[in-house]
Amino acid sequence: MNARDTSLFGLPKLPARYGSLVMPLLLSILMTCIVSAISTLRGVGFVPNFLHVWLSAWLISWLVAFPTLLLVLPVVRRATAALVRAS
């Protein structure tokens with residue numbers, strides 16, 4: 001087995017069974033980061049404490065988004081399967 005297959009940046013990769021948690025975790029982090037940054041920038045502008053305001057907005061949005069993704073992802077997968085032809 002290749003070392004690249006079992007580690008990333010020198011850390012061991014998680015077993016495949018954690019994929020259903022890792023994917024919504026990463027998706028929620030990236031999406032809330034981008035959306036909260038844009039929303040905060042539009043709301044308050046680039047003020048001196050922008051980073052603090054944005055990080056607090058991001059944390060609140062992520063705390064809502066991650067559990068929401070865990071709940072709705074199975075429904076979205078089923079809806080996608082109903083709308084998209086199998087390959």
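Annotations for the structure displayed:
- The label-point distance for residue 85 and residue 37, in a model that sets each label 7 Å from Cα toward Cβ, rounds to 3.9 nm.
- Residue order for 68, 6, fewest other beta carbons within 10 angstrom first, comes to 6, 68.
- Anisotropy class of the chain from Cα gyration tensor, a/c 1.5 cut: oblate
- Arranged from fewest to most other beta-carbon atoms within 10 Å of their beta carbon, 73, 59 become 59, 73.
- Computed E for residue 17/residue 56 - FRET, C-beta separation, R0 41 angstrom, nearest 0.05: 0.75
- Summing Cβ point charges (Lys, Arg +1; Asp, Glu -1) relative to the Cα centre of the chain gives a dipole of roughly 280 debye.
- Set of region 22-42 residues, backbone N closer than 18 Å to the point 7 Å along the Cα-Cβ line of residue 8: 22-33
We did not get these values from a lab; they are worked out from the coordinates using the rules stated. Source: prediction; values computed, not measured. Quick reminder, even Gly has a Cβ in these numbers, built from the backbone with ideal geometry, and neighbours come from all protein chains shown.
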